[in-house]
Each structure stands twice: as structure tokens, then as C-alpha cells.
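The values are calculated or read from the model by the stated rules, or taken from the named source; none is laboratory data. Given the structure is predicted, the values throughout are model-derived calculations rather than measurements. Cβ placement follows ideal geometry from the backbone for every residue including glycine, while neighbour counts extend to all protein chains displayed. Protein only, heavy atoms only, side chains kept; ligands, DNA and RNA dropped before computing areas. Shrake-Rupley method; radii C 1.70, N 1.55, O 1.52, S 1.80 Å.
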Amino acid sequence: MRRRIPPRKRLVVRLLFVSALIAVCSVAATAWLAVTTTTSALKEEQGQDLAADNRILAQLSGYAATHSDWAGVRPTLRELAARTGRRIALTTADRTPVADSAPRGTPLPPRAAATVDPLRTDTYTETGAQLSGVDPRVVGPYRLPAAERVKLDSLAERREHCYERHGLQATVERTESGRPVVTVADGADPFAYGADVCEDGRLNTPTATERKALDALSDLARPCLRKNGLNLDGGLFFTFDPRGKDSFGGGFLVAKLPKLGTGDATRTAQRCVQTARRTQLQPYVAPVAELFLGIGDQNPARFDMSPANKAKVVGAAGLVLAVTVAVTAVVAVRLVRPLRALTLAAQQPPELHVRVPVTTRDETGILAEAFNDLTERRARLEAQRKAMVSDIAHELRSPLTNIRGWLEVVRDGVVEPDPALLDSLHEEALVLQRIIDDLQDLAAADAGTLRLHREPLRAGDLLDQVAAAHRVAADAAGVALRTEADATAWLEADPVRMRQVLGNLVSNALRHTPAGGTVTLAARREGDEAVFTVADTGSGIAPEDLPHVFERFWRAEKSRSRRTGGSGLGLPIVRHLVAAHGGTADVASEPGVGTVFTLRLPGAPPPGDEP
């Protein structure tokens, strides 16, 4: 009865499920990759936009730091817009337009991107981070006239040469106000090199222009200081320190405050000075302006697909799924068809030996070919089994018939049981015994229960023993029996089984070699193998019969005459015993010339050569 397969276990269903799962995973992975790539690209573009926005802000802040109004900013703004590809607009705090790169009447973005105020900035500009909150490009009253610059340049050059004489590499940097500042390379300490004589204080002393501006700064800071209870008259002074972090008038001008007792008082004094500084610089910078950029909002918009794009993604995914399922269904049907044919053929009775047509060259086609080979081998084995049963019955029937016939004759008193008759009956019994022993050996070899008692054997001694056992039979047949052995040929084997193997081959050779012929037993060593050959000069074997010589009960003479052949079990026993020793047995023959049987077995080193 044909067994039904549940739908969930059918190959087609499994293939469809697996293909659909693979398609879903591939679509999901592709979508994830696309979204991730797009998001990464958007973030990168956003980072580039932020860097460009900072450059725009820095340049406009520099303009405001060096101009007292926005009257001439339009050329700069248009040049920035053309270089960055962005819309740039400046307005007052109440949204009154100052300058715009877009045509008149274009609405502004919802919010300003930044505020342009050089006196209150903490952005990173081309000149560095402004910790004081004032753009260093704001110079105002601290700008040095030409005469003072020449004098300071001379002092800076003198200090630079002094540093070099003491082994220090120095450079001269010019600030926005025109003041030169000498800095030592790699931040080296001049005092550690004995260069303290170079710092005479003259270069760090404010000039007349700077002193005037600093006096005005002190006057502006004094009301705030007094209001907060801080009386610093005579205690507030300024100096130029190249290692200073604050920046007054585009230089390294540091406000030196005396110890005020608490940190709060010090911070209050610093706030007063900072406020006074902004008040002092206010007339020299452009008014505060709002900066609008093309995106209009510093918060980037979320990436979101439109309904049309979502429909495209869903449609593409559905199309991929449909194509995958369709292709899988076609492939599955083509795969299942030969498998069903194999199943039907395997379910047929053994005696039919049904062959499956091979329609493909893939794994299924290979499976069909293997099934057909198996069917043919099964048919041959069935035929051999039937032939073996018939051969066994024939081999046993002949001696049993002879024994039964002579016993019946003796029982009836027709013939007296003389010694000749008893010898004949004994010979027939020996034939039966040999057949039974051979069948037992073959059965043990087939079952893997054949026991071997291995011991080191010298190949020459083994050949001598076999030749001695068959010398009488060879002399009676008029056949010369010779041995040729290599002294280095040794093996580890069962001596009884090996004598049985070589004895079967010698008996077979003597039986097929006419009088005057020769049978030669030889042994030699080839690498790690011991090679035995049994060669005769007999009638030979036809080429079409060579593949069958090791089959059971097979004889070239179909007449089954015991004069020309034995039971047909000797050569199968030879192959099985040699295989049990881990070797191989082969035959080569030429009709009318002779036959050579070759045995190859694992060799063993001579006892003297063992480590």
C-alpha cells in the first residue's frame, strides 16, 4: 500500500517555505541595508552642511568684527552663497532684512540658524575657540599705528635672536591689532634654558595707543567694580603674555587682578572687565544680526518615505516574493518528479527489477543511475544465489549418489565390500568433507568471523612448504614445480591459511598444466608489500572468462568434469583469505601460454631489521 506523505512534510512544501523565508530575509536585509546606507549618507551630508554653516558664520562674524555696519556685506554674502550653494540671509532682531542672496520677496525660513554677534560668540572660528566670548578679530581702539608697530617689531626681532642664542627656536606671530608676539617652539620654558634675560618686559609693555585704550577700559570697569564692593584703584593692570588664554584687542593681553580673598570676588571682577570691554568695542563692530540659511532650522528633518515610495518598496518586495515562489515551484516539481519515479520503482517486488529513466544530470540523475546500478547488482546477486544453490546441490549430489549406490549394492549382496570399494567410498566422503569445509570458510569470511593467527613468516619458507606438499602430485602429472624467493620478503600472516591459499593456486595450476609444463612459485618484496606469484604454462583462460574466475562454483568447463576442474570454491576462498589479511588477488592469462596469479599482502621487516 502506498504511504501518504503529510503536506507539511512534502519536499515541494518545504522548498516553497524555505524559498519564501529566504526571499523575506533577502528583502528585509536589502531594505535594512538601503535605509542604513541612506541614513549614513544623510548624516554625512548633515555633518558637511554643519561644517559649511560654521564656515559661513565664521566669515560673517569676521566681517562684523572689522566693520561698524553691514552696508558693504552684500558682495561677501553673494560670494559665500555661490561657493556653498546655500541661501544666506541677514536680518535685524525684528526680521528687518539686511542682506539676502535670494531674490526680493522670498520668504525666510521658520527660524534663524545663528546670531552674528562678534562680541558674544563661543563658536569655533578659523582663529580658534573663543573662551572669552569676543571674536579676536575685533580690534577697535587697540589697533597700533605704523610707528608703534615698527618699534615693537624691532623688540620682537631682538627677543627672537636672544632665544636663538640660547638654543631655542622662536617664531614671531602678529595679532589682529598689529602687535608681534614671540613664541618658543614645542612650548619650551625659556627659564630652563637660561633665556630669562631675553624677557626684559619691554615687548610686553603696552604702547601709548594701547595704554590709552586700557585706561578707558579701566574707567568703564570701575563703576561695576565699585557697585559690587570691589575697590581696585591702582590694582588693575594689563600685560601681554604669549601663553595667556584671554585675548584683548586681538593680542594676548591678560588682565592681572590682585587677590580678592574669595573666588566669587575674582569672578565678579572678571565679569565687570568683560562687560566694560564689550562696551568699549561696541562702536567698532556691526550691529547684531540674525543669520538664516537654506535649511532654515538647525534640527535636521527626519528621513521619511512618501506613500509613493512606500508603495514602490512594498511592490518590489511582493514581486520578488512572487518570482521566488514561482521559480521554486517549477524547480521543486522538476526535482520531485524523478524522486517519485524512484519511490515507485523501489516499492515494486524484487523480482521485477524495474529501471528508472535518467532524465537529468544533477544529483537526482546520479541517484537514479545509482539506483539502476543497484537494481542490476541485485539481479546479478539473485542469479548468483540461484546458481549457487544449484551448484551446491550438484556438487553434493554426485558423491552422495555414488556412496548411496555402492552402499545399496553392498546391502543387497551384489558386491562384496572389498578394500577397493571402501577406498572409493572413503574418497567420495573426503570430497564431501572438502566441499563442506570450503563452504564453512566462505561463510566465515562473509560473516567476518574468520579467525587468523598471525605470526612473522619468511616467504621462502612458506613456498618451500607448499612445494613439498604438492611435489608428489606434480611428479605424477609430469609437471616441474619450481620456487623462487627473495630473502628479504617477510610478512605477518596466518601460516595455515597462507598454505591453504597457495595450495589452492598450485592445485589449480597442476590441474590445468599438461605434462612437461612448469609451475613456478615466486615471492619478492616491493616496497612495503610482499608479492607472491603462481605461474603455469598451461592452457590459459579466455579473456571473457577472466572476470569470473573468483566467482563461486564457476568453471571454464561447463561440463563440471572433475578431471578438468574442482568444486569451483578454491579461487573464491583464495580471494577471501587474502582480503582477510589486508591484501589483493589478481589474475592475468593468455590462452595457450599460461596463467599468472598475483597476491599482494602487507609486508613485514625481517626480524633483524626491527627497531
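Looking at segment 312-343 only, could you name the residues that are in contact with a Leu (Cβ under 6 Å, 6 or more places away or on another chain) and over 14 Å from Ala20 (Cα atoms)?
Val336
Could you identify the single residue in Ala393, Ala420 that is modelled with pLDDT under 80, over 28 Å from Val549 (Cβ atoms) and small (Gly, Ala, Ser)?
Ala420
Working carefully through the options Arg471, Arg451, Arg482, Arg511, find the one that is free of Cβ contacts under 8 Å to residues at least 24 places away in the same chain and farther than 23 Å from Ala579 by Cα.
Arg471
What number of residues in segment 191-214 are at pLDDT below 85, acidic (Asp, Glu) and outside any loop (DSSP other than H, G, I, E, B)?
1
When only residues in segment 497-507 that are more than 57 Å from the chain's Cα centre (by Cα) and open to solvent by 20 Å² or more (accessible area, probe 1.4 Å) count, which is nearest to Val531 (Cα to Cα)? Write out each step before concluding.
Here is the first cut: in segment 497-507, the residues more than 57 Å from the chain's Cα centre (by Cα) are 499-500, 503-507.
Right, trim to open to solvent by 20 Å² or more (accessible area, probe 1.4 Å) and you get 499-500, 504, 507.
Details: Arg499: 15, Gln500: 16, Asn504: 17, Ser507: 19 Å.
Once the filter is applied, the top-ranked residue is Arg499.
How many of the residues making up segment 178-214 are farther than 14 Å from Ala156 by Cβ, in contact (Cβ under 8 Å) with a residue 60 or more places away in the chain and surrounded by 13 or more Cβ atoms within 10 Å (Cβ to Cβ)?
4
Does segment 548-561 contain at least one residue that is under 14 Å from Val506 (Cα atoms), modelled with pLDDT of 75 or more, touching a helix residue (DSSP H, G or I) at 6+ places or on another chain (Cβ under 6 Å) and open to solvent by 10 Å² or more (accessible area, probe 1.4 Å)?
no
Based on this model, can you work out whether Glu173 counts as modelled with pLDDT of 85 or more, outside any loop (DSSP other than H, G, I, E, B) and surrounded by fewer than 19 Cβ atoms within 10 Å (Cβ to Cβ)? First the steps, then the outcome.
On the way: modelled with pLDDT of 85 or more: yes; outside any loop (DSSP other than H, G, I, E, B): yes; surrounded by fewer than 19 Cβ atoms within 10 Å (Cβ to Cβ): yes.
Judged against the criteria, Glu173 is a match.
For residues in segment 239-257 being open to solvent by 10 Å² or more (accessible area, probe 1.4 Å) and under 18 Å from Asp215 (Cβ atoms), which is modelled with the lowest pLDDT?
Selected residue: Val254.
Check off (1) under 41 Å from the mean Cα position of the chain (by Cα); (2) at pLDDT 70 or above; (3) open to solvent by less than 80 Å² (accessible area, probe 1.4 Å) for Val327 and give me the number that stays unchecked.
(3)
Out of segment 330-351, which residues are open to solvent by 50 Å² or more (accessible area, probe 1.4 Å) and touching a residue at least 60 places away in the same chain (Cβ under 8 Å)? Talk me through it step by step, then tell me what you get.
Taking segment 330-351 and keeping what is open to solvent by 50 Å² or more (accessible area, probe 1.4 Å), we get 330-331, 333-335, 337, 339-340, 343-344, 346-351.
Passing the criteria: Val331, Val333, Leu335, Leu339, Gln347.
Looking only at segment 453-487, how many residues end up being at negative phi and assigned to a loop (DSSP other than H, G, I, E, B)?
6
If you check Ala467, Ala493, Ala480, Ala474, which single one turns out to be in contact with a Lys or Arg (Cβ under 9 Å, 6 or more places away or on another chain), surrounded by 11 or more Cβ atoms within 10 Å (Cβ to Cβ), closer than 24 Å to Thr513 by Cα and at pLDDT 85 or above?
Answer to the selection: Ala467.
On the basis of being open to solvent by less than 50 Å² (accessible area, probe 1.4 Å) and at pLDDT below 90, does Leu319 make the cut?
no
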